[in-house]
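Everything on this sheet refers to the single structure shown next.
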Amino acid sequence: MSAIDDLATELSRLPGIGRKTALRLTYHLLRQPTDQTRRLASALLTLGERVHPCARCFNLTEEELCAICRDPRRDQTTICVVEQSSDIGAIERAGEYRGVYHVLGGRLSPLDGIGPDDLTVAALMDRLRGGQGDAESTVREVILATNPSLEGEATALYVQGQVAPLGISVSRIARGLPVGGDLEYADGVTIAQAIAARRAM
């Protein structure tokens, strides 16, 4: 296999990149100056060497604890549970949430062989019991922000079942119609969730 095929094969393993796009990216990189491709290769190596899960919440970081866990202004009594580190960015961009996070590292998917032991649920329970240096700030609420898929819902129900016996309040992010969306084009499940999550005006 040629070097071009090798790189195209590796690029096609990235999400959302098929074989044609991978070849297009490969040929684009070949047209760039050598020092630019070296910088890209170096950045990829550095990423793999420096970035790792936060020791407390499993968000990606270059330090022992991520910037959110280190921030003394964050509300340590509220933990938002998400599937992946990328979900944190989406919530942070909204600018409304001031608590801390816990990254599960995926979602339950028995068909793919992913069970509770493959996620960081045990570490979350340890945090809630004060086993990771959080004893000084008792957690009062766990917000489940898993994706609204079958697997995400199953994961949220499982985590809720684990947390409930501790006497900690468990909530789920509301789902429904996006701002600017038309009822006419919304699917039945989305409308049902919007009605179920309605609130008083």
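Every number here is computed from the coordinates shown, using simple stated rules; none is lab data. Computed from a predicted model, the values in this text were never measured in an experiment. Quick reminder, even Gly has a Cβ in these numbers, built from the backbone with ideal geometry, and neighbours come from all protein chains shown.
Odds and ends about this structure:
- Each Lys and Arg adds +1 at its Cβ and each Asp and Glu adds -1 at its Cβ; summed about the Cα centre, the chain shows a dipole of about 400 debye.
- Cβ-Cβ distance of residue 92 and residue 140, R₀ of 30 Å, FRET efficiency by 1/(1 + (r/R0)^6): the value works out to about 0.90.
- Full extension of the segment from residue 47 to residue 114, taken as 0.36 nm per residue of separation minus the current Cα-Cα distance, would add 21.5 nm.
- Peptide packing for 93-100, 122-129 was compared via the average number of neighbouring C-beta atoms within 10 Å per residue; ordered from the highest value, the list is 122-129, 93-100.
- Residues whose amide H falls under 5 Å from that of residue 59, counting only those 5 or more places apart or on a different chain, are 54, 103, with hydrogens built in the peptide plane.
- Taking Cα atoms only, the orientation of helix 150-163 departs from the longest principal axis of the chain by about 50 degrees.
- Relative to one another, the C-alpha centroids of the range 169-190 and the range 65-99 are positioned 22 Å apart.
- Charge dipole of the chain about the Cα centre (unit charges at C-beta), most positive-ward option of 52, 36, 102: 36
- Helix 34-50 and the long axis of the chain differ in direction by around 30°, with both axes built from C-alpha atoms.
- Degrees between helix 19-31 axis and first principal axis of the chain (Cα, 0 to 90, nearest 10): 60
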